[in-house]
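The values are calculated or read from the model by the stated rules, or taken from the named source; none is laboratory data. Remember, predicted model here, so these are calculated numbers, not experimental data. As a convention, Cβ positions derive from the backbone with ideal geometry for all residues, glycine included, and neighbour counts pool all protein chains shown. Each accessible area value is taken on the protein alone, full model and side chains, heavy atoms only, with ligands, DNA and RNA left out. Shrake-Rupley method; radii C 1.70, N 1.55, O 1.52, S 1.80 Å.
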Amino acid sequence: MKKKEKQKRHLSIKSSIFISMSVLVVVMLAILWLTQSVFLSHIYRYTKKNETEHAASIIVDNIDNENLSLLIEKLSVEYDLCAEVIRYPGDKEVLYDSHFLNDCIIHKLQFEDTLLDFWYDKAQNNGGKYIDILPRDKFREFGYDPDDFQGDVPKRGGDANCVISVNLATTSDGGSVMVILNSFVMPVDATVRTINLQLIVITIVMLASAFMIAYVLSRRLSLPIEKINKEAKNLACANYDVAFPKEGPLEIRELADTLNHTAKELSKVDAMQKELIANISHDLRTPLTMISGYSEVMRDIPGENTPENMQVIIDETARLSSLVNDLLDVSRLQSGTQKLNLKRLNITEAIRSVIKRYDKLVSHNGYIINFVYDEDVFINADEVRILQVIYNLMNNAINYTGEDKTVTVKQEVKEGIVRISVIDTGEGIAEKDLPLIWDRYYKVDKVHKRAHIGTGLGLSIVKNILLLHGSRFGVSSEIGKGSNFWFEFKIL
Ligand code: ADP
């Protein structure tokens, strides 16, 4: 029940894209609607007022300029306004005049004292400046008749509002002048109605487009994901023969690539695991068969109870316990439960002690073991584990070395790093096998040589111990010439 509730909250790709796009459309339209419809009139009035104020301040700044007349005309054309500069208070002499709007207030009532007084007072009370937007009817009280155009055709409707700007200034000769500007703010109702209609059409078109885009996008995204999901379910059922389709956008193709690689790796791991079990069973069975066989013979046949037969049983038991120990080591090292007991260790001495173990082999079987080094070197390591590493590498070298039965251990010091190399003159390892020999139970030739040589876990143990120490290690090998297994440690 809870699971169902949780699932409900997850939207499909299609719904998510459609909802996101719809939100985007709604936000964009809301912004459009607010700026183009609701606040259009305010924005328009604000702009017009600003423009008129700006023109007035230019005129005031240039009040003594000899080209002021030209400047006023230019501003009148640019900002669509009428302008008048008169001496006031005083003789009401008109200094400059531009008459561009035939139904303007200032040119109809220019010498109307009450109006000039009214504007003068307003400006004076407001630091020399006055600007306002007023309906034309407001000027009736000063004798203005909006319907009387003295034969001129009115440019704007009777309900246009007047922008009046009055600035007081002083000329260089000390005279007071009044700069009066008049422009108009037209009603925007009709424009708003048109824009509203347009917005409705745009909304419908954009929502339909959002739906279409969401549909196409979601198909492009969800179809490949659905296919990948189907294949992933197969993979979950241990069917490694799957192929994730590389379709759709880049990220989904990359996901398919990763999953194909994962399936390949999983199938390898699965194969290795099966091989591992087969190998372990084989390796456990061989000594067990020997032990039980020899014990039965010794029990049933008088005279077979010989020390030689007894030695076989002892040897096989030792091999069994070494195999079990190695298996335990590998699993402990790989699971991370194995902790290192780090100490200052004389690595040169450690190598000497391991080589000593082979004394018998050297004197009886003609093996030659060389140790090349300059001086004793100390490192920080777990002694028991490092001895295991050296022992395993030397064991392999001895087992796989060539006719000359020679193994060389080299200790080289360079820039504070000691490199230990175990070199043999055997068959070598093919390049393709080199990265794989460190895997547990990997054998280069599929002949089960381990019954005679090792447990097949040696290099896996070496790798995990060296990884735990954080040291660099590797192998170089040449077919027919031999192999060189090496590892490095920082010198103390
Ligand atoms: P084992 O030696 O018991 O088979 P290891 O893990 O020690 O197991 O080695 C894995 C494989 O790597 C060996 O089976 C062998 O094929 C290869 N190998 C290891 N050391 C050498 C070497 N010195 N020369 C040639 N091949 C080697």
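Want the number for SER476 to ASP376: 0.36 nm per residue separation, take away the alpha-carbon distance, what's left?
Numbers: separation 100, 0.36 × 100 = 36.00 nm, distance 2.53 nm.
Full-extension gain reported as 33.5 nm.
Over all pairs of different C-alpha atoms, the range 304-418 has a mean inverse distance whose reciprocal, the Kirkwood radius, equals 16.7 Å.
Per residue, the accessible area of the range 64-187 comes to 48 Å², computed with a 1.4 Å probe over protein heavy atoms only. Share of carbon and sulfur in the accessible area of the chain stands at 56%, probe radius 1.4 Å.
Using a 4.7 Å Cβ-Cβ cutoff, the cysteines of the chain lacking any partner cysteine are CYS162, CYS237.
Quick one: angle between helix 40-61 and the longest Cα principal axis of the chain, in degrees between 0 and 90, rounded to 10, please. Compared with the principal axis, the helix lies near 70 degrees. Near GLY402: Cβ cut-off under 15 Å, other residues only, Lys/Arg at +1 and Asp/Glu at -1. The net charge is -3. First measure r as the distance between the Cβ atoms of LYS339 and ASP300, then evaluate 1/(1 + (r/R0)^6) with R0 = 60 Å and state the FRET efficiency to the nearest 0.05. With R0 = 60 Å, the Cβ-Cβ based efficiency is 0.75.
Restricting attention to the chain, close to 90% of DSSP beta bridges with both partner residues there are antiparallel. The figure for TYR373 is an accessible area of roughly 80 square angstrom, using a 1.4 Å probe on the protein chains alone. The label-point distance for ARG285 and LEU109, in a model that sets each label 7 Å from Cα toward Cβ, rounds to 11.8 nm. Taking the Cα centre of the range 64-187 as origin and assigning +1 to Lys and Arg Cβ atoms and -1 to Asp and Glu Cβ atoms, the resulting dipole is close to 320 debye.
Nothing charged except the Cβ atoms of Lys and Arg (+1) and of Asp and Glu (-1): what's the magnitude of the dipole of the chain about its Cα centre? Round to the nearest 20 debye. Walk me through the numbers on the way to the answer.
Numbers: 58 positive and 66 negative charges, 680 e Å.
So the dipole magnitude of the chain works out to roughly 3260 debye.
Cross-link partners for LYS129 among the aspartates and glutamates, with Cα-Cα distance under 18 Å and sequence neighbours closer than 8 places in the same chain left out: GLU51, GLU53, ASP61, GLU84, ASP117, ASP121.
For the range 64-187, the equivalent ellipsoid derived from the Cα gyration tensor has semi-axes of 23, 17, 13 Å, listed largest first. A dipole drawn for the chain from +1 and -1 charges on Cβ atoms has a positive end, and of LEU199, PRO135, LEU109 the residue lying farthest that way is LEU199. Spatial offset of the range 62-96 relative to the range 345-409 amounts to 109 Å, using the alpha carbon center of each. Specify the angular offset, from 0 to 90 degrees and rounded to the nearest 10, of the alpha carbon long axis of helix 113-124 from the longest principal axis of the alpha carbons in the chain. Tilt of helix 113-124: around 30 degrees.
From the cross-link list LYS410/LYS490; LYS264/LYS463; LYS414/LYS490; LYS360/LYS463; LYS274/LYS432; LYS48/LYS122, which pairs have alpha carbons spaced over 18 Å apart? Each step should come with its number before you reach the end.
Numbers: LYS410/LYS490 16 Å; LYS264/LYS463 23 Å; LYS414/LYS490 10 Å; LYS360/LYS463 28 Å; LYS274/LYS432 22 Å; LYS48/LYS122 20 Å.
Correct reply: LYS264/LYS463; LYS360/LYS463; LYS274/LYS432; LYS48/LYS122.
The modelled label-to-label distance for the pair ASP315/CYS237, using points 7 Å beyond Cα in the direction of Cβ, is 5.2 nm.
Going 7 Å from the Cα of LYS490 toward and past its Cβ, which residues in the range 374-416 have a backbone nitrogen under 11 Å from where you end up? The answer is 380, whose backbone nitrogens lie closer than 11 Å to the label point.
Within the chain, the proportion of Cα pairs with more than 41 Å between them is 61 percent. Farthest toward the positive end of the dipole of the range 182-323, out of VAL185, ILE313, LEU266, is the Cα of VAL185, where the dipole comes from beta carbon charges about the Cα centre.
Accessible area per residue was computed with a 1.4 Å probe on protein heavy atoms; LEU288 scores about 90 Å².
Other residues within the sphere of radius under 14 Å centred on the Cβ of TYR79, judged by their own Cβ, net out at -2 (K and R +1, D and E -1). Working from the Cα coordinates of the range 238-338, the gyration tensor eigenvalues give, after taking √(5λ), semi-axes of 50, 15, 6 Å in decreasing order.
Other residues with beta-carbon under 12 Å from the beta-carbon of GLY293 carry, at +1 per Lys or Arg and -1 per Asp or Glu, a net charge of -2. Annotation: ARG357 carries an accessible surface of approximately 130 Å², with a 1.4 Å probe and no ligand, DNA or RNA atoms counted.
Here the spin labels are modelled as points 7 Å beyond Cα on the Cα-Cβ line, and at LEU266 and ILE417 they lie 3.8 nm apart. Against the chain, whose longest principal axis is taken from its Cα atoms, helix 68-79 shows a tilt of about 60°. Entry for the range 339-490 at q = 0.11, 0.20, 0.21 Å⁻¹: log10 I(q)/I(0) = -0.40, -1.40, -1.52, Debye formula applied to identical alpha-carbon scatterers, no solvent contribution. Computed with a 1.4 Å probe over protein heavy atoms only, the accessible surface of the range 238-338 comes to 64 Å² per residue. A dipole drawn for the chain from +1 and -1 charges on Cβ atoms has a positive end, and of HIS54, VAL38, THR348 the residue lying farthest that way is THR348.
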